[in-house]
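Right, one structure below, let's go through it.
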Amino acid sequence: MIENLSDALVLFLNIYNIIALAGGIGIGVIVGAIPGMTSTMAVALTLPFTFTLPPVTGILLLLGVYKGGVYGGSIPAILVKAPGTPAASCSVLDGYPLAQKGQAGRALDIALYASCFADLVSNLSLILLVGYLAQLVTSFGPPENFTLIFFSLTIIASVSGDSLLRGFISAGAGLLLATVGLDLIYGTDRFTFGNSDLLGGLAFIPLLIGLFAIPEILNGYAKRGATGKVAADPSGSRATFADFRYCFRSILRGSLIGVVLGAIPGIGGAPSAFVSYSEAMRRSPNRKNFGKGELEGVAAAEAGNNGVAGSTMIPLLALGIPGDVITAVILGAFMVHGLRPGPMLFEQNIDLIYALFIGISISSLFLLIIGKAAIHMFRHIASIPRSYLYPVVMVLCVFGAYAVNNSFFDIYVMVAFGILGFLMMRMHVPSAPFLIAFILGPMLEDNFRQSLLMSQGSLTIFARSWITWIFWSLTILSVVLMVRRHLAGKSIEKALPVLPEEKRDG
């Protein structure tokens, strides 16, 4: 092992590797901060530049872009309610309300600290537990994934606000629209109405931009005619060590959730962020502040989505199975250089693996340094007058929606969901349950149907292993706690005296 580590240090200790890793993180942060320009797109665009580079340098460049992009999406999510990446969509829920309260700097700081800590935990998990976690991942089949996702859907109750009914209506609409497109089992089209643009389903990025960014722009023009400034102090308060200590439990929990979910192929950062957010809300004594500007909510969301950044490499390196779309692109980089991830890679190229581990282990430090610089650069967006900011954000939204598939149809999708999001805002229907259901719905359906095909229609397959029993137990516990909180809230409302309208408003 000492000899392998010395060979790995020789491979890694090269100025070009350091530049590639730091430069990749910088590129990822910038691209992630542009709404619609996802980290997947950034990694895919960077891939051709790695063909002529040495394997370690090229792969570290891609990993840097990946890690920077995952964090970078939180910056516009907090400042202008336009998530730069799908994984940052959960950070909107409390990040933007904090910015409106003049605490943009505090929210951005805690997002960075949570991201770096979660990234460090994920990296250490990759290095120390790659073999053990790979064995755990192999025990996850469609039934286990179904029970996991079914448990994750209980998050909907936590983000439904004051009205469970409105939350479930929003989630039902998300589940319904998630079925648009080709059925992945039989290949039949559903709800396409003869439109070939809908065969691939509703594109997620245009939907995300439309649901969050466009309603805020429309609401700004409707209320104040796009005058004044966004309610965020560019010099703002900064996160302190006390803030980090206050959020530490949620950050640690979210990091571990991200590690486990990231190691399961196909889950990704967005579901992990929402699971982490939901668990933070359940366990927090300030759960009523979530969705209104709770610092712990930002920390939990960012820890959840950044916790997957290292662990998605576990199934790739150990089994040769990409953990998500980005690691599928990184798999292409391995294969271009004549490397095939899997057990044989550890036997034949262990020095290369150790060199990558060394680079990955210091990437969190680079993310902290570059993220701090990015905050100073981007946080002044919030001080730009609305009359200038909203048109620029609108242009970026249109560009981001079009750039996904180079399709004008995606712009129409963005506009349609922008109008829908604006109506939901005015009718006080929460958009978070819609988004969660839209993300998790297809995975829930596919794993359910695959499980039934495996068992020839028998439902007993959903109780076939200890993993499924764990998630069923967690689901029942979550529902019981949700009902108890709901009933307790109703009893408190009945006990309160009825006040005149003007006093209630005050």
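The values are calculated or read from the model by the stated rules, or taken from the named source; none is laboratory data. This one's a predicted model, so the numbers in the text were calculated from it and none came from an experiment. Note that we place each Cβ from the backbone using ideal geometry, even for glycine, and neighbour counts take in every protein chain shown. Accessible surface areas use protein heavy atoms only, side chains included; no ligands, DNA or RNA. Shrake-Rupley method; radii C 1.70, N 1.55, O 1.52, S 1.80 Å.
Annotations
- Entry remark, region 399-427: residues being crowded, with 20+ Cβ neighbours inside 10 Å and either free of Cβ contacts under 8 Å to residues at least 24 places away in the same chain or over 18 Å from residue 86 (Cα atoms) (or both) number 2 in total.
- As a summary of the residue check, residue 396 satisfies the conditions (1) in contact (Cβ under 8 Å) with a residue 24 or more places away in the chain; (2) touching a helix residue (DSSP H, G or I) at 6+ places or on another chain (Cβ under 8 Å) except for the one numbered (2).
- Residue check: residue 103 meets all listed conditions (1) closer than 24 Å to residue 43 by Cα; (2) more than 20 Å from the chain's Cα centre (by Cα) but one, namely (1).
- Residue 131 at pLDDT below 85, out of contact with any Gly (no Cβ under 7 Å at 6 or more places or on another chain) and either of a type outside the set (A, V, I, L, M) or assigned to a helix (DSSP H, G or I) (or both): yes
- Residue 315 falls short on exactly one of the conditions (1) modelled with pLDDT under 85; (2) surrounded by fewer than 24 Cβ atoms within 10 Å (Cβ to Cβ), and that condition is (2).
- Meets criteria (modelled with pLDDT of 85 or more, hydrophobic (A, V, I, L, M, F, W, C) and either more than 23 Å from residue 474 (Cα to Cα) or open to solvent by less than 10 Å² (accessible area, probe 1.4 Å) (or both)) for residue 251: yes
- Selection count where residues are of a type outside the set (D, E, K, R) and closer than 30 Å to residue 349 by Cα, scope region 56-97: 14
For (1) modelled with pLDDT of 70 or more; (2) more than 28 Å from residue 478 (Cβ to Cβ); (3) touching a His at 6+ places or on another chain (Cβ under 8 Å), each residue gets a yes or a no:
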| residue | (1), (2), (3) |
| --- | --- |
| 227 | no, yes, no |
| 235 | no, yes, no |
| 238 | yes, yes, no |
| 247 | yes, no, no |
| 262 | yes, no, no |
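- Scanning region 119-131 for residues that are crowded, with 24+ Cβ neighbours inside 10 Å and either free of Cβ contacts under 8 Å to residues at least 24 places away in the same chain or under 10 Å from residue 306 (Cβ atoms) (or both) gives 119, 122.
- Within region 75-118, tally of residues that are aliphatic (A, V, I, L, M), more than 22 Å from residue 215 (Cβ to Cβ) and open to solvent by 10 Å² or more (accessible area, probe 1.4 Å): 0
- Search result, residues across region 393-415 that are within 21 Å of the chain's Cα centre (by Cα) and polar (S, T, N, Q): 405
- Of the residues making up region 12-57, those that are surrounded by fewer than 23 Cβ atoms within 10 Å (Cβ to Cβ), modelled with pLDDT of 75 or more and among the small types (Gly, Ala, Ser) are 22, 23, 26.
Yes/no matrix, rows are residues, columns are (1) modelled with pLDDT of 85 or more; (2) of a type in the set (A, V, I, L, M, F, W, C); (3) crowded, with 17+ Cβ neighbours inside 10 Å:
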position	(1), (2), (3)
163	no, no, no
167	no, no, yes
184	no, yes, no
195	no, no, no
